[in-house]
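Visitor: First the structure, which I've put down as structure tokens, then a few questions once you've had a look.
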Amino acid sequence: MSKFANTAVILIDPYNDFLHPEGKFAHVLQSNLIAGDTVARLKELVAGARGAKIPIYYGLHQQYEEGHYDGWKHMGLTHPILKANKMFEKGSWGAGFYEGLEPQL
């Protein structure tokens, strides 16, 4: 049995809006992403997991659509920001996966 039999990788929101320098949230995250070499490390993690046949699961924010937040009475702290900026807008480049971090179907 493989030493990775009980191992999985979970990628949370590898969207362009978060990770790409031109993403909608770049102004908030880029200095930390650069300092930690985050994107390169994520790509190494994904390549290693795929090479070892370790499953990769994706935890994703719901993609924005007009009216998505209508009727919400108890938004979290970030929801108004996501709404105002149309973060991860359905069908947009920003809601796409950062290159190299896409799921393999």
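The values are calculated or read from the model by the stated rules, or taken from the named source; none is laboratory data. It should be emphasised that the depicted structure is a prediction, and the values quoted were computed from it without experimental measurement. As a convention, Cβ positions derive from the backbone with ideal geometry for all residues, glycine included, and neighbour counts pool all protein chains shown.
Visitor: In this structure, is Ile54 part of a loop (DSSP other than H, G, I, E, B), surrounded by 12 or more Cβ atoms within 10 Å (Cβ to Cβ) and aliphatic (A, V, I, L, M)?
Guide: Here the answer is yes, as Ile54 does meet what is asked.
Visitor: With respect to Ile10, is the statement that it is touching a Gly at 6+ places or on another chain (Cβ under 7 Å) and among the aliphatic types (A, V, I, L, M) true?
Guide: yes
Visitor: So if I check each of Ala84, Ala35, which one is closer than 21 Å to Gly96 by Cβ, exposed (fewer than 12 other Cβ atoms within 10 Å of the Cβ) and small (Gly, Ala, Ser)?
Guide: Ala84
Visitor: Another one. Is it true that some residue in segment 71-80 is of a type in the set (Val, Ile, Thr) and either in a helix (DSSP H, G or I) or touching a helix residue (DSSP H, G or I) at 6+ places or on another chain (Cβ under 9 Å) (or both)?
Guide: Checking segment 71-80: not a single residue is of a type in the set (Val, Ile, Thr) and either in a helix (DSSP H, G or I) or touching a helix residue (DSSP H, G or I) at 6+ places or on another chain (Cβ under 9 Å) (or both).
Visitor: Another question, if that's okay. Checking the condition in contact (Cβ under 8 Å) with a residue 40 or more places away in the chain and small (Gly, Ala, Ser), which residue from Gly76, Gly94, Gly48 passes?
Guide: Gly94
Visitor: Across segment 54-83, which residue is farthest from Ile12 (Cα to Cα) among those that are touching a Phe, Trp or Tyr at 6+ places or on another chain (Cβ under 9 Å) and at pLDDT 95 or above?
Guide: Among those that are touching a Phe, Trp or Tyr at 6+ places or on another chain (Cβ under 9 Å) and at pLDDT 95 or above, it is Ile54.
Visitor: Looking only at residues in segment 89-101 that are touching a helix residue (DSSP H, G or I) at 6+ places or on another chain (Cβ under 9 Å) and either of a type in the set (D, E, K, R) or at pLDDT below 95 (or both), which one is surrounded by the most Cβ atoms within 10 Å (Cβ to Cβ)?
Guide: In this case the residue turns out to be Glu89.
Visitor: If you check every pair at least six apart or on different chains, which have Cβ atoms under 7 Å apart with a residue in segment 2-27 that is at pLDDT 90 or above first and a residue that is among the hydroxyl-bearing types (Ser, Thr, Tyr) and part of a loop (DSSP other than H, G, I, E, B) second?
Guide: So the pair list comes out as Pro14/Tyr98; Tyr15/Tyr98; Asn16/Tyr98; Leu19/Tyr98; His20/Tyr98.
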